[in-house]
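The values are calculated or read from the model by the stated rules, or taken from the named source; none is laboratory data. Keep in mind it's a predicted model, so treat the numbers as computed, not measured. Here the Cβ positions follow ideal geometry from the backbone for every residue, glycine too, while neighbour counts run over all protein chains shown. All accessible areas refer to the heavy atoms of the entire protein, side chains included, with ligands and DNA or RNA removed. Shrake-Rupley method; radii C 1.70, N 1.55, O 1.52, S 1.80 Å.
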Amino acid sequence: MSISDNIQHLFDASVETKLQAKPVLAEPIARGVELMVAALQRGNKILSCGNGGSAADAQHFAAELVCRFERERPELAAIALTTDTSALTAIANDYDFNQIFAKQVRALGKPDDLLLAISTSGNSPNVISAIEAAHTRGLQVIALTGRDGGDIGRLLQGSDVEIRVPAEITARIQEVHLLAIHCFCHQIDAQLFD
């Protein structure tokens, strides 16, 4: 198979994963949008976290809210917990890498804020710790996961929302996570500024 054929196969696999996810994820994404809109209307903020590619997604989401998405509009309150290298390295060095997000959630999170927790496997220990910290601080959680939801799927409670991509391959899960993030951003703008 040529490189070009392989690339076309990857496009097909991405499209197929998204088509399979669409009927499963439309409703949980909509519930996540409702939670986000309500939090922002109350004057609360959205914290986001993840590792690796999911860290990039957490930053992407926060940047779209603070700057803008597809239209000019007022800034929206969002913080990616993946970006403060001094805090991350101090916490990892002085405490434990699994606490890098949890300590920030406890420091920055206020009741009725939201945590957007991203983990393709659903088993990232530091994201799990962040969710536990969010629950103790009175934050609701929206989790982007994949596969079987992992430990995160079992940890969520009450009005938390899990957006679990029905796929096994990390790259396909991440591609759907990015689409979900763009759905959040598009619908937040539509709900708040149309």
Qualifying residue in segment 16-38 (condition: in a helix (DSSP H, G or I), farther than 20 Å from ASP189 by Cα and touching an Asp or Glu at 6+ places or on another chain (Cβ under 8 Å))
yes
Suppose the filter is closer than 20 Å to PRO23 by Cα, open to solvent by 60 Å² or more (accessible area, probe 1.4 Å) and in contact (Cβ under 8 Å) with a residue 60 or more places away in the chain; does HIS186 pass it?
yes
May I ask you to list the residues in segment 1-29 that are open to solvent by less than 40 Å² (accessible area, probe 1.4 Å), more than 15 Å from ALA171 (Cα to Cα) and hydrophobic (A, V, I, L, M, F, W, C)?
LEU25, ILE29
Please find, among ASN44, ASN93, the residue that is within 15 Å of GLN140 (Cα to Cα) and either modelled with pLDDT of 95 or more or open to solvent by 20 Å² or more (accessible area, probe 1.4 Å) (or both).
ASN44
Here the residues within segment 46-94 that are hydroxyl-bearing (Ser, Thr, Tyr) and in contact with a Phe, Trp or Tyr (Cβ under 9 Å, 6 or more places away or on another chain) are SER48, THR82
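Regarding GLU72, is this residue within 17 Å of the chain's Cα centre (by Cα) and surrounded by fewer than 19 Cβ atoms within 10 Å (Cβ to Cβ)?
Working: within 17 Å of the chain's Cα centre (by Cα): no; surrounded by fewer than 19 Cβ atoms within 10 Å (Cβ to Cβ): yes.
When the stated conditions are applied, GLU72 does not pass them.
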